[in-house]
Amino acid sequence: MSTSKNSWSGPTAALLITGADLVPEDVTRRLGISPTISRESGSPASFRSGEGLWAVQVTGTEEQGPEHSLDKLGNRISGALERIQDLRDSGLTVQLDLSGLVRPRTQVVLSPALLTRVATLGLPLSFTTDAEVAEHSEDLLDWLPAGDGSHRATTPSGDEPQDAARETVREPAREPAPVGISLSVPESWWEFDIRPEGREATIRALVDERVRATPELEPYRADLTAMLRKMAKDAQESGAIYLGCMAENFDGVPLTATLTVSVVGAKNQQGVALSTDPRVIAESLSTVTPRREGDAWRKVTTVDIPEVGTAARTFGVEDVPVERGDSRTLRMVMTQTYIPVPGTTDQVVLVSGASPVLDLAEAFHDIFDAVTGTFRFV
């Protein structure tokens, strides 16, 4: 998959407020903001049918990207954030949504600045991509994710949708694929942009921030920077879409670990589709039994992840190549979890945790299990 700088056409940021008891006029009065789209409760619609809807949308150009749209939306609603949270506390569903049309074989890259802006707004965020935008009406929201996944179903009357372009993306027999992932790592871990063009600036900023907060790390600044560079480079070259890493120093002893998230195709080397059923995946994975103490080992099991379901997993101490194509190996603590992507039959999310600190293998297995347990599709 390639990365294109301008890969998101018609980037739109939206504040969406919905609920069975929502009255659009009341929301407008309380927030002092005029909506772009609104709908009374009880109205039939493809997006959250029967619920009232109030939304503000800001759309930018392809060159401006999603950051511009989110900035303009944030400026528009920043003075009403407390009142927006009050609406959320009252039981209404409130979320931010970033949407647009993503061209095939490209990635939408979200900068740390954009994610920081989202954090300051303090609202849940969803992503909607690869959608054809129709005329300006509430039907635009047909391709926004419903909380129960029902937004891809047929209309409440049972009739098929009239928009032929939208018919091509509906698959009533299959749950819609999620539009993003969510994962939580410990606060002391590092999370940053792993793209080559954004990597260096982000690493420098993060190291500067960490050293300011913990001055005793100053002597290790160069080591931390070099370590994070290598972790990010290895993650990006492996095809990862997310990297979280631990880089701590205890009494002069470095403790490091990484956790990456990748989306892999469920096909063998001949291109034949493989099952994404977790139990079938587990049966296809091999165990490694140590012949003597200190040898590499691997166990295979299945685990249940809350709100996700069953996933296949391997964990152990394994010998992995130093680099792709290199015959040399490095012994690592490893936990790898294979999570089927809902709505697809040929994709699996691989959450992989690794650490070279073999003496703490059991502790790191527990850490990787806890972090993977926070994984969610959104």
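The values are calculated or read from the model by the stated rules, or taken from the named source; none is laboratory data. As the structure is a prediction and not an experimental result, all values here were calculated from the model. With ideal geometry, Cβ positions are generated from the backbone for all residues, glycine too; neighbour counts draw on all protein chains shown. The area values use the complete protein model at the heavy-atom level, side chains included, leaving out ligands, DNA and RNA. Shrake-Rupley method; radii C 1.70, N 1.55, O 1.52, S 1.80 Å.
Scan segment 282-330 for residues that are in a loop (DSSP other than H, G, I, E, B), touching a residue at least 12 places away in the same chain (Cβ under 8 Å), more than 27 Å from P342 (Cβ to Cβ) and in contact with a Phe, Trp or Tyr (Cβ under 9 Å, 6 or more places away or on another chain) and the total you get is 1. Within segment 356-363, one or more residues are outside any helix (DSSP H, G or I) and either at pLDDT 90 or above or surrounded by fewer than 21 Cβ atoms within 10 Å (Cβ to Cβ) (or both). Of the candidates L110, L123, L98, the single residue that is at pLDDT 75 or above and assigned to a loop (DSSP other than H, G, I, E, B) is L123. Scanning segment 10-50 for residues that are open to solvent by 40 Å² or more (accessible area, probe 1.4 Å) and modelled with pLDDT under 80, which turns out nearest to the chain's Cα centre (by Cα)? Among residues in segment 10-50 that are open to solvent by 40 Å² or more (accessible area, probe 1.4 Å) and modelled with pLDDT under 80, the one nearest to the chain's Cα centre (by Cα) is S49. Of all the criteria given as (1) loosely packed, with under 15 Cβ neighbours inside 10 Å; (2) over 25 Å from V185 (Cα atoms); (3) modelled with pLDDT under 85, the one not satisfied by A266 is (1). Does segment 301-308 contain any residue that is at pLDDT below 90 and either surrounded by 13 or more Cβ atoms within 10 Å (Cβ to Cβ) or more than 23 Å from Y242 (Cα to Cα) (or both)? Within segment 301-308, none of the residues are at pLDDT below 90 and either surrounded by 13 or more Cβ atoms within 10 Å (Cβ to Cβ) or more than 23 Å from Y242 (Cα to Cα) (or both). When you look at T337, is it without any contact (Cβ under 8 Å) to a residue 60 or more places away in the chain and either of a type outside the set (S, T, Y) or open to solvent by less than 40 Å² (accessible area, probe 1.4 Å) (or both), yes or no? Spelling it out, T337 is indeed without any contact (Cβ under 8 Å) to a residue 60 or more places away in the chain and either of a type outside the set (S, T, Y) or open to solvent by less than 40 Å² (accessible area, probe 1.4 Å) (or both). For T3, are the conditions met, namely being β-branched (V, I, T), open to solvent by 30 Å² or more (accessible area, probe 1.4 Å) and at pLDDT 85 or above? Taking the combined requirement at face value, the residue does not satisfy it. Residues in segment 51-84 that are small (G, A, S), out of contact with any Asp or Glu (no Cβ under 9 Å at 6 or more places or on another chain) and surrounded by 18 or more Cβ atoms within 10 Å (Cβ to Cβ): G65, S69, G74.
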